[in-house]
Each structure stands twice: as structure tokens, then as C-alpha cells.
Amino acid sequence: MPDAIAPDTMIDLRAEFSGAGLDTYLDELEKDLVGLKPVKSRIREIASLLLIERVRQRLGYTTEAPTLHMSFTGNPGTGKTTVALRMAGILKALGFVRQGQLISVTRDDLVGQYIGHTAPKTKEILKKAIGGVLFIDEAYYLYRPDNERDYGQEAIEILLQVMENQREDLVVILAGYADRMENFFTLNPGFRSRIAHHIDFPDYDNNELLHISETMLARQNYRLSPAAREAMAAYIERRRGQPYFSNARSIRNALDRARLRQAGRLMATEGKVKPEALMLIEPSDILASRVFNKPATDA
Amino acid sequence: MRITQGCFSFLPDLTDEQISKQIQYCLDHGWAVSFEYTDDPHPRNTYWEMWGHPMFDIRDAKAIMGELKECRLMHGDCYIRLCAFDSTHTWESLRMSFIVQRPAHEPGFMLTRQEADGRNIRYETRAYVAEKPEGTRY
């Protein structure tokens, strides 16, 4: 029951917002992550919700710890892990987790190989995640409906229990492909009901990927020459049509290979090179990729 | 007789909240916390039984407090001490250790005198509880 709040109390939400350091977190998110419009707006909404929740707790309007568990769905390389890391920072800034570390795990880290192995293994991970965020990548692998004696079920039960009873101690984020997560939630309704926020990560479009590649290179003190920029745009368009395309991750791998070719090219040049040449990626470094050997798909 | 050893030995026993804060202090310094228990209160009994491994990579005191709770459940009638191990080079040893649980009743020690050669006297302290076999002392 709220009591003893002076009638003329006014709350400056803007000041609360910047006081918690939220605006720096959100501005960084806006700046560092290319695209992802719907994700950013959802995170902004969640941050506002949490801020209001915190003020309400202070005023005594609510006493229960809110459910903060989330699910991130989207194709590979759409920034789920990166956003989870930022989320941990936001939750720490608002005081909803005490330490703010992100423990990223997959099925192998939680599920054991023989009877009695799973529970200690899962609890060990949970102990590390207490006070922070537990990020379970490809969470649907925890549940194997074709094998009813699979030990994943045991890990799921422990997780569900902790998600319910230790809400103030840790936040669980489940991540994976949208369709398989949907299936996973249908088969494990316990998870769906304990997750408050579902965030869907859209694929990047070609311009965004080009922007991402330039940001990635700039971070390593490389840059694309104007011609190489065009080559990169062509590369992205062709790469998308090929199997195992995983958005930003494919781009990162392509850039790693381009750097490899650049190094080879520079070593092969006779005489001395300018320092700037060490920073410049030329079109030949990109056009040597195998995606240019095949005809571009019509799509 | 109240046994004392380690840090804070001149203070009354720490409450759980105080223990939790001390643990968080250890974790913030990157020390690995572990628990040890024994039912032999002799001051020269240095090597106590380990309760699990030292807990590396833990960030929050609550996880460690959960472990302490389990240890108390299993060894409610033993002494339990907390140890914080610093693994940084040149330290590589305990930085902090204190008792977090003691038996409800501590009978204390008997002093025995032994007449040795030439009217010399040898002294020995012996815990009263040590008369009983291990595991049934408290």
C-alpha cells in the first residue's frame, strides 16, 4: 500500500532516465548497431518499462520483482548475442541484476552425458550466471522430442524452476531461429509463460550489410577503396543468394578472407609500399572470392 | 569454550548478511571462495575437509551463499569456515578465512600434564569431543 507520498511529489522521469545512465546505453546501441529498427524500439520500450517499474518500486506501488526473461528470435548473424550483451548492461544500470555479466551457453554446457550428470552441470552454470544474464543460444536443442529419455528435459526443469523462483537473481535469454523457437515453445509451454519479452531480429538488407562491413573494417583500421566498396556491394548481393548465408557473420568471414588476400597481394608487390596501402582493401581482394565464379542468381 | 581463528575472530559471529557482504568483497577482488568443515576443533588441525571445489568464475555472493546453505544442511553440527583464495601470481594463497558456522555447544579442551624425565612437565591440550569417534562429536 503506497503511503506517505507527499501530495505535491513530482517525478522527473527524464532525470531518472539519464541518471541511470540509460541514455548513454541506448545511444551507444543506436550508434553501434546498424539497422535492427524494430529491435531498438523494443529495447527502448523495455528500458522505459523497467525505469517506470523501478520508480514504482521506490514509491511502494509494487513490490514484486518483474519477470524479465526474454526470447530473441532471428536468423544467424542478426546480432542476438551483441544485443544480449547490451541488455545485460541496461539491466545492470537499472539495478535489475546485481553484477551484469553475460554467460553465454549452449546445450552442451547444460546437459550431461549420463544419468545424474545434468543437474550438477546445469547448477554450476546457473551459479556463474547468478547476478547477471544467462544467454542460451539455440535453446530448442535442449528439448529433443524424438528421445524421451534425453537428459535435456532435466536441464529444462531446473531452468524453469530457477526462472520462476529466483527472478531477482538472474535473467534468462533464450535465442534461436524463429520457427524452431516457436516449435520449442509449443512443446514446452512452461517456457512461454515465463518469458515476458519476445524480440524478433529481422534480416539485414544489402545496404545495412555494406554499412556493417565498413564499420567492421574501420574498427580494425582498414577501409574500402571506392572501387572495393562497389565490389563489396556486389559481393553481398551474390552471397545472399548462396546457401548458409548468415548475415553479419558471413560478412565478417568475407572480410577476414579479404584481409588475407590483401596481405598476400602486398607481400607479392615488388619494392616498398606506402603505410596507407596497409589500410586499404582493393577490389581485387574481394573479387577473388568464390561467389564471383558462379553466375549470380536472379533473386 | 568458543573457538576462534582467522579474520574477525575477536568479533561476534557474522550474520548471514555480513557473510554475504564479505563474500561479495572477495568476489569483487577476483578471489575464489571455498568452504571447509571439520568436527575436530584442535587448533593444530589445519587441514579441514573440503566442501566441493573452490568456486572460480562466480560473480555474485548469492550463488556462494546457496552453497553455504547446502553445506550447513549436510554438516549442521560441524565447524565450517570460508576461505578466499587469490590465484594472482606471487600471492597464490588464501587472502581471507573465517568461521561461518560452529556447533551449538563447544565443550572446550582438557589440559593434561605428563611427568617426563627429570621432573619436566609436558603439556597437551585435548578436545573433550575428540574422545568420541569422528562424525558423532557434536
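For the reader, a short list of remarks on this structure follows.
- About the Cα centre, charge dipole magnitude for region B:9-138 (Lys/Arg +1, Asp/Glu -1 at Cβ), debye: 320 debye
- The value of relative contact order for chain A, using C-alpha pairs under 8 Å at least six residues apart, is 20 percent.
- Here A:LEU94, A:LEU159 are placed in order of increasing Cβ neighbour count within 10 Å, fewest first, which gives A:LEU94, A:LEU159.
- Inter-centroid distance (Cα atoms) of region A:118-183 relative to region B:23-96, Å: 28 Å
- Computed from Cα positions, the angle between helix B:61-74 and the longest principal axis of chain B comes to roughly 40 degrees.
- Shown for A:ILE199, B:ILE121: other C-beta atoms within 10 Å of each C-beta, ranked fewest to most, produce the order B:ILE121, A:ILE199.
- Take each residue of peptide A:118-129, count the partner chain Cβ atoms within 10 Å of its Cβ, and average: the result is 3.
- Computed helical MRE - 222 nm, chain A, DSSP H runs ≥ 4 contributing -39500 (n - 2.57), nearest 500: -16500 deg cm²/dmol
- Amide H within-cut-off set for B:VAL33, under 5 Å, with H built and near neighbours excluded: B:MET55, B:PHE85
- Counted as membrane-span-like here are DSSP H helices of chain A whose alpha-carbon atoms extend 18 Å or more along the helix's own axis and whose Kyte-Doolittle mean is -1.0 or above; these are A:37-59, A:80-93, A:152-165, A:206-219, A:226-240, A:247-268.
- Computed over region A:1-160, Cα set: Rg, Dmax in Å: 18.9, 63
- Most mobile listed residue (A:THR215, A:THR269, A:THR67) in chain A, GNM with C-alpha springs under 10 Å: A:THR269
- Projected area averaged over orientations for region A:125-216, convex hull of C-alpha atoms, nm²: 7.9 nm²
- Set of aspartates and glutamates with alpha-carbon distance to B:LYS132 below 15 Å, sequence-local pairs under 8 removed: B:ASP39, B:ASP40, B:ASP77, B:GLU106
- Within 10 Å of the Cβ of each residue in A:163-170, the mean number of Cβ atoms contributed by other protein chains is 1.
- For the residue pairs A:LYS40/B:LYS62; A:LYS92/B:LYS21; A:LYS40/A:LYS123; A:LYS92/A:LYS121; A:LYS92/B:LYS69, the C-alpha atoms sit more than 23 angstrom apart in A:LYS40/B:LYS62; A:LYS40/A:LYS123; A:LYS92/A:LYS121; A:LYS92/B:LYS69.
- Each residue in B:PHE109, B:PHE10 was given a count of other beta-carbon atoms within 10 angstrom of its own, and listing them fewest first yields B:PHE10, B:PHE109.
- Converting the Cα gyration tensor eigenvalues of the protein assembly as shown into ellipsoid dimensions via √(5λ) gives semi-axes, longest first, of 55, 29, 23 Å.
- Hits among aspartates and glutamates - C-alpha to C-alpha of A:LYS80 under 17 Å, sequence gap 8 or more where chains match: A:GLU28, A:GLU30, A:ASP32, A:ASP137, A:GLU138, A:ASP179, A:GLU182, A:ASP200, A:ASP203, A:ASP205, A:GLU208
- Rg and Dmax of region A:1-55, Cα atoms only, in Å: 14.5, 46
- Solvent-free Debye calculation, one equal scatterer per alpha-carbon of region A:33-93: log10 I(q)/I(0) at 0.13, 0.19, 0.25, 0.29 Å⁻¹ equals -0.41, -0.77, -1.14, -1.39.
- Trypsin sites (Lys or Arg not before Pro), loop per DSSP, at most 11 other Cβ atoms within 10 Å - longest free stretch of chain B: B:45-138
- Distant-in-sequence amide H partners of A:PHE201 (H built 1.01 Å from N, under 5 Å): A:THR73, A:GLY74
- Between helix B:16-28 and chain B there is an angle of about 60 degrees, using the helix long axis and the longest principal axis of the Cα atoms.
- Equivalent ellipsoid semi-axes - Cα gyration tensor, region B:1-102, angstrom: 20, 15, 14
FYI, it's all coordinate maths here, none of it is from the lab. The structure presented is a predicted model; accordingly, all values stated were derived computationally and were not measured. Using ideal geometry, Cβ is built from the backbone for each residue, glycine included, and neighbour counts are taken over all protein chains shown.
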